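The values are calculated or read from the model by the stated rules, or taken from the named source; none is laboratory data. Since this is a predicted model, take the numbers as computed values, not measurements. Here the Cβ positions follow ideal geometry from the backbone for every residue, glycine too, while neighbour counts run over all protein chains shown. When the accessible area is computed, the model is the full protein with side chains, heavy atoms only, and any ligands, DNA or RNA have been set aside. Shrake-Rupley method; radii C 1.70, N 1.55, O 1.52, S 1.80 Å.
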Amino acid sequence: MRAKASSLHHSDASTGAAAKTFSIGGQQLAAPKARPGLHLVATPIGNLGDITLRALETLAGVDVIACEDTRITRRLTERYAITAELALYHEHNAAQARPKILERLAQGAAIALVSDAGTPLISDPGFKLVREVCAAGHAVIAVPGPSSVLTALSVAALPTDRFYFEGFLPAKEHARRARLTELARIDSTLVMFESGNRVQDTLRDLAAIMAGRDAAICRELTKLHEEVKRAPVGELAASADALETRGEFVLVIGPPPDDAGVMGQDALDDLLRVQLARGSVKDAVAHAVELSGRSRREVYARALELAKTIGDADGED
């Protein structure tokens, strides 16, 4: 059975009297009509067998499933013979789709929101929709399940008592290095997403800024070619050229060692260059002193040297 596409624009919230069902292992099961409201349904991050029973009942029982890409969500609905309608909701059409979703909810519809993989709203669109649904007084129901963040943390063999989720780092090198320098001051395990075409550069930046930390590269979690590499950041960066870059990556970086606290010279220079490009020497020094653990006198002297170098470069034809 095939999930149908929908425009989200219907005047009748109930989409027919046909029984709602889903199938597991060839056995058809009845799904109760989902309660009115917006259901945030976590879906598998790779292995379709990771779907929960409650998620299947919800997806089968709603009037429409709002998803980022109907082709990806259809693989899931076809696997479990779910016939609920699919409608697009992603960052490019969200402004137009939100009013239609709110209109359907006002008519008493049950709508599921899913991302392409994992838990909705985690580095995916949806926050503004949930905020407006709550403001309108409609129910928002979480249907928890898979998350690549928690999956990576569980297999990284790094401390999990405290962690900071960064999401995707900036794509440009200077901005990425500046952000990593700021993250280096956080005394906890760090979790970040990265694309295959940037993961090697990011590993080298991590080695320059967070040398000495243990880390894990998690690729294609729960999928056929799942791979987890665990080693100090420097070792992972040194072998980055041989890294398989196809697939999706979660990087987990352990907390700083007990003797950490003073930023290395290369990391300090990177930080100062980024800050000098944004503003004055005074502001750059104040920011770098706060993050580097170095004395103001030392940072100020280095900032003047770099400012002169930057000024000379700008003056060249």
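Before we move on, is PRO120 open to solvent by 30 Å² or more (accessible area, probe 1.4 Å) and in contact with a strand residue (DSSP E or B) (Cβ under 6 Å, 6 or more places away or on another chain)? So PRO120 does not fit the description; no.
Looking only at the stretch 147-165, which residues are under 23 Å from PRO44 (Cβ atoms) and either in contact with a Phe, Trp or Tyr (Cβ under 8 Å, 6 or more places away or on another chain) or open to solvent by less than 40 Å² (accessible area, probe 1.4 Å) (or both)?
Once the filter is applied, which keeps residues that are under 23 Å from PRO44 (Cβ atoms) and either in contact with a Phe, Trp or Tyr (Cβ under 8 Å, 6 or more places away or on another chain) or open to solvent by less than 40 Å² (accessible area, probe 1.4 Å) (or both), the stretch 147-165 yields SER147, SER148, VAL149, THR151, ALA152, LEU153, ALA156.
Could you check, for the stretch 172-187, whether at least one of its residues is under 18 Å from the mean Cα position of the chain (by Cα), free of Cβ contacts under 8 Å to residues at least 60 places away in the same chain, surrounded by 20 or more Cβ atoms within 10 Å (Cβ to Cβ) and within 20 Å of LEU271 (Cα to Cα)? The answer is yes; a qualifying residue exists. Scan the stretch 241-282 residue by residue and report those that are of a type outside the set (A, V, I, L, M) and at pLDDT below 80. Scanning the stretch 241-282 gives PRO257, ASP258, ASP259, GLY261, GLY264, ASP266, ARG278. Against the criterion of being within 30 Å of PRO44 (Cα to Cα), open to solvent by less than 10 Å² (accessible area, probe 1.4 Å) and either of a type in the set (D, E, K, R) or part of a helix (DSSP H, G or I) (or both), THR202 qualifies. Counting only residues that are assigned to a helix (DSSP H, G or I) and either open to solvent by less than 30 Å² (accessible area, probe 1.4 Å) or closer than 23 Å to PHE127 by Cα (or both), the stretch 55-73 holds 10 of them. Quick check: anything in the stretch 26-42 at pLDDT 95 or above and at positive phi? So far as the stretch 26-42 goes, yes, one or more of its residues are at pLDDT 95 or above and at positive phi.
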